Amino acid sequence: MVRPREFDRDEALERATHVFWAKGYAGTSTEDLLAAMNIGRQSLYNAFGDKRKLYLEAMQRYQLHSIAGHLARLSGGATVVAGLEALLFGIAPDHGPTRELGCFGVNATCEFGNGDAELVALRAKAAPMLLKRVAQRIAEGQASGELDAKMEAREAAAFVLMTMQSLQLAARAGTDVKTLRAMARFAIERIKAR
């Protein structure tokens with residue numbers, strides 16, 4: 001007879017995500033995961049497979065939540081510029097320990113590069129969605145006169161995404177919130193209408 005699971009799988013996954021986010025894949029031991037998730041080794045294997053499968057599931061979950069947050073901030077501004085500011089300022093939360101984690105996805109890219117096909121595939125699902133929506137918002141800003149109409153919207157969107165990644169790396173390196181937000185404002189000023 002199989003014993004029923006005695007823990008909340010979603011909560012355990014959330015806890016594992018924070019460990020991987022903070023320590024990376026290589027820096028996270030199975031013991032780190034078991035302690036954070038408050039489960040036994042066999043429960044980990046039964047519920048998630050192995051460390052690798054758990055990492056991929058954590059990354060997928062993180063990306064879904066992260067992209068949803070980015071899209072909400074981008075679309076929530078009263079103006080396109082306000083939406084872009086909210087998007088980039090969201091990279092620099094006031095809470096220092098959260099800010100200093102950077103982005104789990106960017107951290108994974110730094111750790112694995114393009115050497116892990118499954119992680120590359122996860123990125124390939126998420127990144128185009130965000131790029132497309134940022135390009136749409138930029139085109140809206142060009143049409144309203146807020147943003148430079150001479151730019152190619154998709155190239156400008158790629159610049160915004162590159163800025164996001166740079167801010168996330170700088171946050172991970174310990175850059176303070178004031179500096180991060182100044183860098184975000186500087187990037188947005190580059191694409192405003194003159």
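Quick notes on this one:
- Set against the 2.2 N^0.38 Å expectation for a compact globular protein, region 55-102 has a Cα radius of gyration ratio of 1.28.
- In straight-distance terms, cross-link reach from K192 covers every one of the aspartates and glutamates whose alpha-carbon lies under 16 Å from its own, apart from those fewer than eight places away in the same chain; here that gives E85, E140, E146, D148, E152, E155.
- Summing +1 for each Lys or Arg and -1 for each Asp or Glu among the other residues whose beta-carbon sits under 13 angstrom from that of R41 gives -2.
- If you take all other residues with their beta carbon under 10 Å from the beta carbon of R99, and give Lys and Arg +1 and Asp and Glu -1, the sum is -2.
- Summed side-chain charge close to A171 - residues other than A171 whose Cβ falls under 10 Å, Lys, Arg +1, Asp, Glu -1: 0
- Relative contact order for region 40-119: 23 percent, from Cα pairs under 8 Å spaced at least 6 residues apart, divided by residue count.
- Cα-centred dipole magnitude for the chain, charges only on beta-carbon of K, R (+1) and D, E (-1), debye, nearest 20: 280 debye
- Nonlocal amide H pairs with K192, under 5 Å, H built at 1.01 Å: D148
- Distance between the C-alpha centres of region 118-194 and region 3-73: 29 Å, rounded to the whole angstrom.
- Label of the coordinate-derived value, percent of Cα pairs over 27 Å apart, listed as (i) 21; (ii) 37; (iii) 29: (ii)
- Averaged per residue, region 20-131 has 46 square angstrom of accessible surface, using a 1.4 angstrom probe with ligands and nucleic acids left out.
The values are calculated or read from the model by the stated rules, or taken from the named source; none is laboratory data. Being a predicted model, the structure only gives us computed values, none of them experimental. Here the Cβ is made from the backbone with ideal geometry for all residues, glycine too, and neighbour counts use every protein chain on show. The area values use the complete protein model at the heavy-atom level, side chains included, leaving out ligands, DNA and RNA. Shrake-Rupley method; radii C 1.70, N 1.55, O 1.52, S 1.80 Å.
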